[in-house]
Structure formats: C-alpha cells, structure tokens
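S.K.: Below is one structure. I have some questions about it.
Quick note: the coordinates plus some simple rules give every number you see, no bench work behind them. Bear in mind that the values here come from a model prediction, so they are computed numbers and not experimental data. Here Cβ is always computed from backbone atoms with ideal geometry, including for glycine, and neighbour counts include all displayed protein chains.
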Amino acid sequence: MEKQQSQNSEYVVIKALDDGVNVIGLTRGTDTRFHHSEKLDKGEVLIAQFTEHTSAIKIRGNAKVLTQFGEVESEMKK
C-alpha cells in the first residue's frame with residue numbers, strides 16, 4: 001500500500017537570477033546527506049517540497065527564494 005504524503009508539506013519556490021544556481025536537497029535523519037541536486041539557469045524556476053526524506057535545501061548562487069515566511073535572496077560567494 002502506498003503511503004500518502006501530508007498535504008501540509010512545505011514548498012519553496014526558487015528562481016535563478018543568474019546562470020549556474022545549484023539547489024541541493026539534504027536528507028533527514030541522524031546522518032545528513034545530499035540526495036538530490038539541480039542546476040538552474042537564469043530565469044528558471046524550481047518548486048521544491050520538504051518531505052519525509054528532505055529536511056533542508058541548500059542553494060548556491062544568485063537566486064530569489066519564496067517561502068511561506070517571506071522572500072529572501074541568496075548571493076554568490078565573494
């Protein structure tokens with residue numbers, strides 16, 4: 001029987017402001033590990049969801065991030 005996901009799972013919207021934005025999903029549990037990654041080019045949008053497997057999302061590069069808590073922009077390392 002397939003386990004249903006809660007409809008209250010949180011989503012984030014990530015919009016790349018430059019080419020080469022990396023979005024990395026991190027696992028939940030005692031050992032935090034990378035489990036998924038995407039590379040976005042300028043203007044591309046990714047809608048990501050926190051799940052029973054994803055506890056954190058790491059973003060590298062210039063991107064706008066929209067969450068239920070508001071909006072924030074990530075920046076390139078200088």
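S.K.: Over 10 Å intervals from 0, what percent of Cα-Cα pairs in region 11-69 sits in each interval?
M.R.: For region 11-69, the pair-distance distribution reads 25, 51, 22, 2.
S.K.: Report the charge-dipole magnitude of region 11-69 in Debye, nearest 20, computed about the Cα centre from +1 at each Lys and Arg Cβ and -1 at each Asp and Glu Cβ.
M.R.: Charge dipole of region 11-69: 120 debye, to the nearest 20.
S.K.: Which lysines have a Cα less than 29 Å from the Cα of K39, not counting those fewer than 8 places away in the same chain?
M.R.: Result set, ordered by chain and number: K15, K58, K64, K77, K78.
S.K.: In region 23-63, what trypsin sites (Lys or Arg not before Pro) fall in a loop by DSSP, with at most 10 other Cβ atoms inside 10 Å?
M.R.: R33
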